[in-house]
1. Please pick out the residue among LYS99, LYS68 that is surrounded by 13 or more Cβ atoms within 10 Å (Cβ to Cβ) and either closer than 15 Å to LYS22 by Cβ or modelled with pLDDT of 85 or more (or both).
2. Give me the pairs, please: first residue somewhere in the stretch 101-115 and on the phi < 0 side of the Ramachandran plot, second residue anywhere and surrounded by 10 or more Cβ atoms within 10 Å (Cβ to Cβ), beta-carbon distance under 7 Å, and either six or more positions apart or on two chains.
Amino acid sequence: MIVTGWGRILKTDSAYNDLLLKSTVVTMDNRNCDDIYSKRGRSLSNFEFCGVIGTNICFATQGSAAFKTKGDDSRAIIFGLTSDGGPECGSETPIIFTKISSYLNWIENIVWPGM
């Protein structure tokens with residue numbers, strides 16, 4: 001899976017980058033992720049999943065898409081949106097993603113009302 005965004009990489013970076021950044025995401029077991037976040041007073045819902053990348057999300061990257069490309073025509077399937085990350089830029093804390101599949105009916109009703 002790939003995640004993209006214009007957010008910071010380092011604490012000292014400006015709020016946004018001029019270039020779209022991209023990184024590979026490896027999903028992890030939600031129980032392991034929940035163990036990590038429960039120490040910070042946060043628990044995962046059934047509408048979320050976790051992943052790990054080389055550099056963690058920072059301010060202004062929340063809401064970025066996590067996707068896989070399909071076929072040779074560069075179509076992408078979006079699996080999640082970044083919603084939470086580590087305590088600071090570059091930490092190795094897993095990223096929490098909101099599952100798109102959990103909201104698919106709502107999205108389709110907004111995009112294609114009455115169908």
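The values are calculated or read from the model by the stated rules, or taken from the named source; none is laboratory data. These figures come from a predicted structure and were not determined experimentally. Cβ atoms come from the backbone with ideal geometry, glycine included; neighbour counts cover every protein chain shown.
1. LYS99
2. SER102/PHE47
Per-residue answers, yes or no, for (1) in a helix (DSSP H, G or I); (2) at pLDDT below 80; (3) over 21 Å from SER102 (Cα atoms); (4) among the charged types (D, E, K, R):
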{"residue": "ILE9", "(1), (2), (3), (4)": "no, yes, yes, no"}
{"residue": "ASP18", "(1), (2), (3), (4)": "no, yes, yes, yes"}
{"residue": "ARG31", "(1), (2), (3), (4)": "yes, no, no, yes"}
{"residue": "ASP35", "(1), (2), (3), (4)": "yes, no, yes, yes"}
{"residue": "GLY41", "(1), (2), (3), (4)": "no, no, yes, no"}
{"residue": "PHE49", "(1), (2), (3), (4)": "no, no, no, no"}
{"residue": "ASN56", "(1), (2), (3), (4)": "no, yes, yes, no"}
{"residue": "ALA60", "(1), (2), (3), (4)": "no, yes, yes, no"}
{"residue": "GLY63", "(1), (2), (3), (4)": "no, yes, no, no"}
